[in-house]
Amino acid sequence: MARSTAPQHKSDDLFFTLSFMVVMALMIGLFLGYLWMHNSVTTTIKENVALQRFEQKLINKNKELRSEISRLSRGDRITSIARNQLGMVSPEPESLVVFVPNDFLTNTEQPEQ
């Protein structure tokens, strides 16, 4: 009777060992997958925060540049630089006289209807 139970016992031990190894491999794989996903999410969050900070810096720089453009393109500043640094002068106002002959007004033809 001892002989018949020994092979059954070895096959049970082999099945248990293989089952245990498969379950452990599956658990290790799941754990590694979880760690990979956690690392990916953490990295993405850090990159997102860095991009948001960079965006805010660009927005602030854009505001500064727009303010500087507005300051530099003021008419009085341009006129002052033109006079003082470049030696330019404003032109005198000119009068424009348009001569229209008398026959121009009387010889206008009216369009046919």
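Read the figures in this text as sums done on the coordinates, not as results from a lab. Worth saying up front: this structure is predicted, and the values here are computed from it rather than measured. No Cβ is skipped: glycine too gets one built from the backbone with ideal geometry, and neighbour counts run over all protein chains shown.
If you fit an axis through the alpha-carbon atoms of helix 2-72 and take the longest principal axis of the Cα set of the chain, what angle between them do you get, 0 to 90°, nearest 10?
On a 0 to 90 degree scale, this one is about 10.
Using Cα centres only, tell me the gap between the stretch 70-99 and the stretch 34-69 in whole Å.
45
Using only the alpha-carbon atoms, how far is helix 75-84 inclined from the longest principal axis of the chain? Give it as 0 to 90 degrees, nearest 10.
The answer is roughly 70 degrees.
LYS46: which lysines have alpha carbons under 21 Å from its alpha carbon, excluding same-chain residues fewer than 8 sequence positions away?
By straight Cα distance, LYS46 reaches LYS57.
Go ahead and estimate [θ] at 222 nm for the chain from helices alone: -39,500 (n - 2.57) per DSSP H run with n ≥ 4, summed, over the residue count, rounded to 500.
That comes out to -27500 deg cm²/dmol.
From Cα coordinates alone, what are the radius of gyration and Dmax values for the chain in angstrom?
Calculated on Cα positions, Rg and Dmax stand at 45.2, 143 Å.
Mean-square fluctuation check for the chain, GNM, Cα pairs under 10 Å: which of LEU32, LEU65, LEU96 is largest?
Highest fluctuation of the listed residues: LEU96.
Where does the longest stretch of the chain lie that holds no GluC sites (Glu not before Pro) found in a DSSP loop with 12 or fewer other Cβ atoms within 10 Å?
The reported range is 1-93.
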